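J.: Pasting in a structure now, in structure tokens, and then I'll have a few things to ask.
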Amino acid sequence: MTDAEGTASVQQQIEASGQAQVTQVAGDYEEHHHQYVRGWQYLRSASVDDRELDLAEHAFVDPPEPQGSGQVAQAVGMLSRPYGKSHVLVLCGEAGTGRRTAALHALRKAGVPRKQISWLILDWDQPRTEQIPHAEGRACILDLTDYRDLSEDFYTGLADYQKQAQADDAVLVILADPNGWNPRILATVPAVHLARPSALKVAEAHLRHLAAGRMDWLTHDPLNDLLAPEAPASDGARLARLIAEAKDDDQSAVGKQFTDWQKHLETWFERHSAPGDLQERALLIAAALLDGAPAAVVLGAADQLFTQVGGELPRGGALFGRDLDKRLAAIDASYTDDEGISLEEKQRGLSAAALKYVWRQRPQLRPVLLEWASQISAPNKIAVRHLQRIADCLVPLALLPGGSTVLSVARRWIETDRVAHRQLAIHILQTMALHPVAGVAVRKQLYDWAQQKTTSEQLITAVAAVCAGELGQRYPRVALTRLRLLASRDDDQARDAVADAVRTLASAPEQRVLVLSEIVEWAESSDSTIRKAGAGTFLALTDITSDILLPLPASQESTGEAVDAPNVLADQLFVRGWRAALQEPTTAQAAYRHLAAWLDSPELQDDQVLPLVAQVLRGYLGQEGPSGLLVGSPDSSELGRARRAQLFARLISEVASPASPTAMPRSGGDGAAVTA
């Protein structure tokens, strides 16, 4: 299985060149049959921010075609015409100039209610039309920008999807790159090719909506020449937002922020280039990394950086040198209300810009900065409470020239014996794996590490930890794919790490069924390696002695009430998982021990465990394993012995009754299946 993921639709936009045109792909194509999926298996969605919808509705710029109509206006017509309405539409263009906004604008103009529009979260290893939802009346936006080689199966699957979307009156808008969308004759999906809008017109439209009283800022110095003729529309949107959010009438600060404080930082470093200024440079870098942290933390971190580059602190300690107010003025920083030090309080964007400036201009300082960041965030060290802030600051550096150093150093930290280094490295990997730009490459790297036979045990544990964290919460299928690779390794190095990770993922009620179903599918795989990994992981998930016990659904038998669909499905998955684990030769004995522990455990209710175990053993009473389970052992608890008696009576009565459920024998485990 390969890993070609896209990012969540958080910061995705496009640009296109040339004249707008609508193309229709038609022709015969081979029929493909696609797998049915249950509702919980569809991609999840995220709501659209109201402010973004406001801009799409009231500040959208639609470049006209030679015929006079706008390019997106044509998309609106396709989505809203009374006859031949399109339920799937592709907006095609290069990333960066407004495709995301174009999709929202088209859907709103087509009459789709705000609350019915959502982004799809791409929690998959490769695009599959079977996982795209088509709920009645809803409109979903699917961003395939990062997929440059869509499979034939995806294109042909759109035919089935279009029929389902039409039947449910659902709409799907696909955002694609011109180089990545190539259906040929495989799909009949209308595509609108977008032209590049003017960045200045976008800025004017957005500012007119956000702060109409400042429209003249765009035509006067120092902001009138910031937008080049070929600037992307996203630059126009960003400039308008900065103007609207500016404090007072500080147009100069807007210009500095828009240009990433480049000129300001060049001047500052030139002015502070004497040997005696090194401490102030260190203070600027520390303030940038730890913006908002208490003064004592920032000053201590600055001193440590100063000494790390060979500086010698003067005698006298805190009594030596200038007052703090003067030092803060020198680096253009200020106090926060809680006595923190901040560059952002008055000059937004300066902290990130300062770190990027130092990274670019001082390449020999990069390893020193990374080592320093690790040391000050170590347990019991001065910045230990600011670990996430440090990780957030290091991620943008990974996108700059030489940024691969961040990932390689993170790996090196993971494989050291220093807990502090590993902790920070895992934080960095977690943050990078969710980044809208860097995330794709980092998730691919996690996949490769999980698959490579040479991966160290420390790195295996780190990959599992990342999968168990926020990555697993936002992209559970992506995380589970990497955990499956770890569980399929020939050695046992990943066993405990995978067990902890899947228990953590399954402990979230909203994704319990998804996690359980994925693991059961592994256990039932035709691939022996995956099957063994799935059976072992299922046993780890259902281990009664673990700190996180996967809750069983309430039994419908005892309550007499209807049990909702997820609980019914979870119950079925438990039965399938236990059967698979019992039939896998490498896990059969352990599976019987775990199942015996369930019968002996007071943590599980009779009405939960007895019906489930009865379903697991149904049709297997003649085998040695089930017989031993029912007889028990000297170590069986009194509760367990009582349950075994009830279970045996139940199974015997089912066999004797003409209305007994049909036995479902399967071969495998510790002998051929024999019905009772």
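J.: Whole angstrom only: what separates the Cα centroid of segment 195-214 from the Cα centroid of segment 256-308?
T.: If we compute the Cα centre of each part, the gap is 35 Å.
J.: Net charge near Leu370: determine it from the other residues with C-beta under 13 Å of the C-beta of Leu370, scoring Lys and Arg +1 and Asp and Glu -1.
T.: Spelling it out: positives minus negatives among the neighbours equals +3.
J.: Please sort 588-595, 573-580 by packing, taking for each peptide the average over its residues of neighbouring beta carbons within 10 angstrom, highest first.
T.: Sorting 588-595, 573-580 by mean packing, highest first, produces 573-580, 588-595.
J.: Return a whole-number percent for the relative contact order of segment 199-259, with Cα pairs under 8 Å and 6 or more residues apart as the contact set.
T.: Once normalised by length, the contact order is 43 percent.
J.: If I stretch the segment between Ala228 and Ser456 completely, what's the gain in nm (0.36 nm per residue apart, minus their alpha carbon distance), one decimal?
T.: This chain segment gains 77.1 nm when fully extended.
J.: Quick one: Ser627, Ser198, fewest Cβ neighbours within 10 Å first, how do they rank?
T.: Fewest to most other Cβ atoms nearby, the residues stand as Ser627, Ser198.
J.: Students often get this wrong, so check it: of Lys263/Lys356; Lys247/Lys326; Lys85/Lys163; Lys256/Lys346; Lys247/Lys346; Lys85/Lys109, which have C-alpha atoms separated by over 18 Å?
T.: The pairs that break the limit, which is 18 Å between Cα atoms, are Lys247/Lys326.
J.: Hey, fewest Cβ within 10 Å first, where do Cys467, Cys140 land in order?
T.: Cys140, Cys467
J.: Pop a pseudo-label 7 angstrom from the Cα along the beta-carbon direction at both Asp496 and Asn179 and give the gap in nm to one decimal.
T.: 4.6 nm
J.: Mind pulling up the Rg/Rh value for segment 260-361? Radius of gyration and Kirkwood radius, both on Cα.
T.: With Rg and the Kirkwood Rh in hand, the quotient comes to 0.94.
J.: Summing -39500 (n - 2.57) over the DSSP H runs of n ≥ 4 in the chain and dividing by its residue number, what mean residue ellipticity at 222 nm do you reach, to the nearest 500 deg cm²/dmol?
T.: Taken over the chain, the calculation gives -15500 deg cm²/dmol.
J.: Still on this structure, please answer the following. Tell me, in nm to one decimal, what length is gained between Glu603 and Val655 on full extension, where the rule is 0.36 nm per residue of separation less the Cα-Cα distance?
T.: 15.8 nm
J.: What ³J(HN,Hα) values, in whole Hz, does the Karplus curve 6.51 cos²θ - 1.76 cosθ + 1.60 give for segment 505-516 when θ = phi - 60°, with x put for Gly and Pro?
T.: 4, 6, 6, 7, x, 6, 10, 5, 5, 4, 4, 4
J.: Test of understanding: ordering Met432, Met78, Met215 by Cβ neighbours within 10 Å, fewest first, what list do you get?
T.: With the sparsest Cβ surroundings first, the list reads Met215, Met78, Met432.
J.: Check which residues have an amide H placed less than 5 Å from Val88's amide H, if you skip close sequence neighbours.
T.: Residues meeting the amide H criterion: Leu172.
J.: Based on the Cβ-Cβ distance from Glu415 to Glu510, what FRET efficiency comes out when R0 is 41 Å, to the nearest 0.05?
T.: So, using R0 = 41 Å, E works out to roughly 0.75.
J.: Here's another thing I want to ask about it. Along Cα→Cβ, 7 Å out, is where each label goes; now give me the distance between the ones at His58 and Ser526 in nm to one decimal.
T.: 5.8 nm
J.: State the antiparallel share, in %, of DSSP beta bridges confined to the chain, rounding to the nearest 5.
T.: 40 percent
J.: Over all directions, the average projected area of the alpha-carbon convex hull for segment 268-316 comes to how many nm²?
T.: 3.7 nm²
J.: Then there's this: Rounded to the nearest 0.05, what FRET efficiency do His272 and Gln251 give with R0 = 30 Å and r taken as the Cβ-Cβ distance? Could you check?
T.: The pair His272/Gln251 has a calculated efficiency of 0.70.
J.: Another question about this same structure. Could you sort 472-483, 324-335 so that the peptide with the highest average Cβ count within 10 Å comes first and the rest follow in order?
T.: 472-483, 324-335
J.: Read phi for every residue in segment 115-127 and hand back ³J(HN,Hα) as whole Hz from Karplus 6.51 cos²θ - 1.76 cosθ + 1.60, θ = phi - 60°, with x for Gly and Pro.
T.: 5, 9, 9, 8, 8, 8, 8, 7, 8, 8, 8, 7, x
J.: Additional query: Under Stokes-Einstein, with the Kirkwood radius over Cα pairs standing in for Rh, what whole-number D in µm²/s applies to the chain at 10 °C and 1.306 mPa s?
T.: 55 µm²/s
J.: What FRET efficiency do you get for Asp323 and Asp392 if R0 is 25 Å and r is their Cβ-Cβ distance, rounded to the nearest 0.05?
T.: Here the calculated transfer efficiency is 0.25.
Read-outs: derived from the displayed coordinates by stated rules, not from any lab. Since the model is a prediction, treat every value here as computed from it, not as a measurement. Note that each Cβ is placed from the backbone with ideal geometry, even for glycine, and that neighbours are counted across all protein chains shown.
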